[in-house]
1. Please indicate, with yes or no, whether at least one residue in the stretch 84-93 is under 16 Å from the mean Cα position of the chain (by Cα), under 18 Å from G124 (Cα atoms) and buried (at least 20 other Cβ atoms within 10 Å of the Cβ).
2. Being in contact with a Cys (Cβ under 7 Å, 6 or more places away or on another chain), hydrophobic (A, V, I, L, M, F, W, C) and either over 20 Å from S43 (Cβ atoms) or surrounded by fewer than 16 Cβ atoms within 10 Å (Cβ to Cβ) (or both) is true for just one of L174, L140. Which residue is that?
3. Please work out which one of (1) in a strand (DSSP E or B); (2) at pLDDT 95 or above; (3) buried (at least 18 other Cβ atoms within 10 Å of the Cβ) is the condition R150 fails and give its number.
4. Can you say whether D47 is farther than 28 Å from L120 by Cα, of a type in the set (D, E) and without any contact (Cβ under 8 Å) to a residue 12 or more places away in the chain, as far as the supplied structure shows?
5. Among (1) under 20 Å from A56 (Cβ atoms); (2) outside any helix (DSSP H, G or I), there is one condition A116 misses while meeting the rest; what is its number?
6. For the stretch 34-42, check the following and say yes or no: at least one residue is of a type in the set (A, V, I, L, M), within 15 Å of the chain's Cα centre (by Cα) and in a loop (DSSP other than H, G, I, E, B).
7. Please go through the stretch 98-141 and pick out each residue that is free of Cβ contacts under 8 Å to residues at least 40 places away in the same chain and of a type in the set (A, V, I, L, M, F, W, C).
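The values are calculated or read from the model by the stated rules, or taken from the named source; none is laboratory data. If you're wondering where the values come from, they're calculated on a predicted model, not measured in any experiment. Because the Cβ atoms are built from the backbone with ideal geometry, glycine has one as well, and the counts that use them run over all protein chains shown.
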Amino acid sequence: MSTLTSVDIRPATLRDAKIVSEIHAQTAQAAFRGLVPDDVLKSMTADKRVAQWREAIEYCEPQVQVAMEDGKVVGFVGFDRSRDPKSRPTTGEIWAIYVLPSHWDKGIGVALWDAAREGLSEEGCTNVTVWAPLQNERALRFFEMAAFKREMNTAKTVPVGSIRIEEIRLKRDL
């Protein structure tokens, strides 16, 4: 990380659903550039995500926290119990963590991870998992710097638009 930014983390409100969707789309497009075809990148729009994030925020499934810098939302994290059917009830999961590309390497992702870790601990979780694309070196580096370890036997193929990508689960104790 080059520069540390002063950032506030707070629970998302329904008013944040649109900006959370925009951050999700912009960050996904930047993260997948060069990994997926341009037509797939163009299909990653905020419009397709607003209802999903509005529902998540309204029902706290997952819990969504946003990062604020100078009064603007610049990132978010969604976390809750693990969705993996064979996981223990004390396993949490980072469902999503996205920071605007213009704010990468400023400590915002770390602040969001810290908020998620604290929230999961308060919920009684003892460990946490996250799924990340194998080709997304930036995401893998971030989680490995946060002490997550790859679980190599968990690799799976998931659809992203009209293509499929390989994802792997990473895990760590809380």
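1. Yes, the conditions are met somewhere in the stretch 84-93.
2. L174
3. The one condition R150 does not meet is (3).
4. no
5. Exception for A116: condition (2).
6. no
7. Of everything in the stretch 98-141, those that are free of Cβ contacts under 8 Å to residues at least 40 places away in the same chain and of a type in the set (A, V, I, L, M, F, W, C) turn out to be W104, W113, W131, A132, L134, L140.
Per-residue answers, yes or no, for (1) part of a helix (DSSP H, G or I); (2) modelled with pLDDT of 95 or more; (3) among the hydrophobic types (A, V, I, L, M, F, W, C):
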residue: A51; (1), (2), (3): yes, no, yes
residue: A56; (1), (2), (3): yes, yes, yes
residue: M68; (1), (2), (3): no, yes, yes
residue: V77; (1), (2), (3): no, yes, yes
residue: D84; (1), (2), (3): no, no, no
residue: S87; (1), (2), (3): no, no, no
residue: E93; (1), (2), (3): no, yes, no
residue: I97; (1), (2), (3): no, yes, yes
